[in-house]
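Only the coordinates and a few stated rules stand behind these numbers; no lab work does. Owing to the predicted nature of the structure, the values given are computational and were not obtained by experimental measurement. Neighbour counts are summed over all protein chains in view; Cβ atoms, including those assigned to glycine, are modelled from backbone coordinates with ideal geometry.
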Amino acid sequence: MTSSEPEQNPETPEPEEAAPLRVAVIGSGPAGIYTADALTRQSRVPVRVDILDRLHTPYGLVRHGVAPDHTKIKGVARALRRILEHPHVTFVGGVEFGSDLTRADLSRSHHAVVYATGAGVDRRMGIPGEDLPGSVAATDFVNWYCGHPDSELERFVLDAEAVAVVGAGNVALDVARILVKTADELRHTDIPQPALDALSRSRVRTVHVLARRGPLQAKFTAPELRDLMKLPGVDVVVRPEQVDIDLAEVGTDRPGFREVAKASRTNLKLLREQATREPQGRPRRIEFHFWTRPERIVGAEGVEGLRVEHTRLDDRERLVDTGEHSTLNVGMVLRSVGYAGVPLTGVPFDERGRTVPQEEGRVLNGGGSVVRGDYVAGWIKRGATGVIGTNKSDAAATVRSLLADADALRAGVPEPVELVDVLAERGLTASDYEGWLRIDEAEEGLAAELDRGARVKLGGWEAYRKALGRG
Ligand code: NAP
């Protein structure tokens, strides 16, 4: 779009009178906030950024995805907070794109819209019994212990003695760890009180973690694996024969050995060390099952077991059944097989990848042409991969495209109206950053009242409304 434009020095500001480029960012998770950061860090194009979120609280998965006991990762919120407090950034909470406000509405108030809505739902396993009571999406469980307002506070009773967690990613390790930790180990975190109470009454003793491929192909990372292995009340069981892999063969042409990253070798090293440790008869245990793929969830009224098939990789690295099957006696199945994006009203969507089709952050329509004014960042752009920091470079790349298009974007909406006026016309009362600070304060107050750490999450929309003074 801009190849014929003269090169501009990024340090040379535009003339004083240039009206700011108005950008709406949909979603206030890391991808959305890093988008605002990249937009406001430069001075060549003056900008004003509105970050919209359907929740009254910012930070997306940092608040409602990172496990409550991962306080160091949650510390990212401090950096995100500084960006939200930038004078040219405005947080607009309690407004849902698509239902409250449409793309057409925003085309009156903004020159560009960046969708940073993440990947809000779980992927399906596609096996019989998946919808039986007791078969639960990890996203549901995570939302519950992270105090997402959509989640019912009494959602989980945890009366099964054995649980299967399907998947070998970091979310699987998060949910397995939360299931085996004691309430005492969690009471100084921000976990909502009803979830802490349910965990303190939990009957769960064994958590089976199922990986359909081998230890070298697992997606989880070493810090999360170490976290599990050092839990004092938990035996972590790794079967020696499943990790008996000769590291000298890594990088050879044997199936499963190609493209083995350093991270996988570290995982293998940790798992091998663990395999040498005898279980100590501790109160709870986590058992790793590699080469184990769910086939069918067994049960009439609810989960009674999980039928699995045992697998291997063939010469072309395809996962194949070995013909061996077995059944795990479990009363709950947590499906942790990855997250998927949700289509946005009026925005192109790739059903297969569960992302918005794009090129360098510019949204593409079905014909492959650029949709003017529409951009995308984060998981809805690239799929649910990477760590929080990955979103920083991802957002910066999108912002480079957006800024390169600035002149055309301005020409497309010569006289933007104020967002507050659009919201008023729609009869919407959004919440703002001050509102979030009131919720923040209420959560700190609740922690003090319960004598629990620095913060305890409020649960449910009603509690938010009360904190906002609307209750
Ligand atoms: P993920 O890393 O993509 O892992 C998904 C797992 O599910 C993989 O082991 C995958 O196996 C397996 N799987 C997929 N379909 C399956 C099926 N039909 N049956 C059985 N297994 C299946 O996803 P995630 O754990 O949801 O994590 C999402 C992202 O968030 C990742 O980037 C993760 O690192 C990040 N995250 C990071 C942290 C942290 O840093 N502490 C915490 C949580 C999440 P295959 O490999 O065989 O496909």
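Note on the range 391-439 and the range 78-128: Cα centroid distance 9 Å, given to the nearest whole angstrom. When the C-alpha to C-alpha distance is required to be over 24 Å, the pairs from K72/K219; K74/K262; K181/K457; K230/K392 that qualify are K74/K262; K230/K392.
Each peptide in 109-121, 401-413 was scored by the mean count of other Cβ atoms within 10 Å over its residues; highest first, the order is 109-121, 401-413. Restriction of the GluC sites (Glu not before Pro) in the range 163-256 to DSSP coil positions whose beta-carbon has at most 10 other beta-carbons within 10 angstrom yields no sites. What the Cα convex hull of the chain gives, in volume per residue, is 171 Å³. Peptides 43-49, 315-321, 349-355, 159-165 ordered by packing proxy, namely the average of other Cβ atoms within 10 Å per residue, highest first: 159-165, 43-49, 349-355, 315-321. Applying both filters, DSSP loop and at most 16 other Cβ atoms within 10 Å, to the trypsin sites (Lys or Arg not before Pro) of the range 100-166 gives R124, R155.
For the range 32-41, what does the Karplus curve 6.51 cos²θ - 1.76 cosθ + 1.60, with θ = phi - 60°, yield as ³J(HN,Hα) per residue in whole Hz, taken in order and with x for Gly and Pro? After applying 6.51 cos²θ - 1.76 cosθ + 1.60, I find x, 6, 5, 5, 4, 5, 5, 6, 8, 6 Hz. For the chain, the Cβ-based charge dipole about the Cα centre amounts to some 1100 debye (Lys, Arg positive; Asp, Glu negative; other atoms uncharged). When the helices of the chain are scored as -39500 (n - 2.57) per DSSP H run of n ≥ 4 and the total is divided over every residue, the value at 222 nm lands at -9000 deg cm²/dmol.
Distance between the modelled labels on D197 and T221, one decimal in nanometres: 3.6 nm (7 Å Cα→Cβ projection). Over the chain, what relative contact order in percent results from Cα pairs under 8 Å that are six or more residues apart? Relative CO of the chain lands at 22 percent. Sparsely packed loop sites in the range 86-156 (the GluC sites (Glu not before Pro) outside DSSP H, G, I, E and B with at most 10 other Cβ atoms within 10 Å) do not occur. Assuming charge only on the beta carbon of Lys and Arg (+1) and of Asp and Glu (-1), the dipole of the range 86-215 about its Cα centre is about 500 debye to the nearest 20.
Could you work out the relative contact order of the range 221-335, using alpha carbon pairs under 8 angstrom and six or more residues apart, expressed as a whole percent? Worked out over the range 221-335, it gives 24 percent. Per residue, the average separation of C-alpha pairs within less than 8 Å and at least 6 apart gives the range 102-200 a relative contact order of 26 percent. Among 454-460, 23-29, 387-393, the peptide with the highest mean count of other Cβ atoms within 10 Å heads the list, and the full ranking is 23-29, 454-460, 387-393. For the pair R82 and A261, the difference between a 0.36 nm per residue extended length and the Cα-Cα distance amounts to 60.9 nm.
Amide H to amide H distances under 5 Å link V209 with V165, E287, F288, H289, where only residues 5 or more positions off or on other chains count and H is placed in the peptide plane. The 3J(HN,Hα) values that the Karplus relation (6.51, -1.76, 1.60; θ = phi - 60°) gives for the range 90-100 are, in residue order, 10, 8, 10, x, x, 10, 9, 5, x, 9, 6 Hz. Gly and Pro appear as x.
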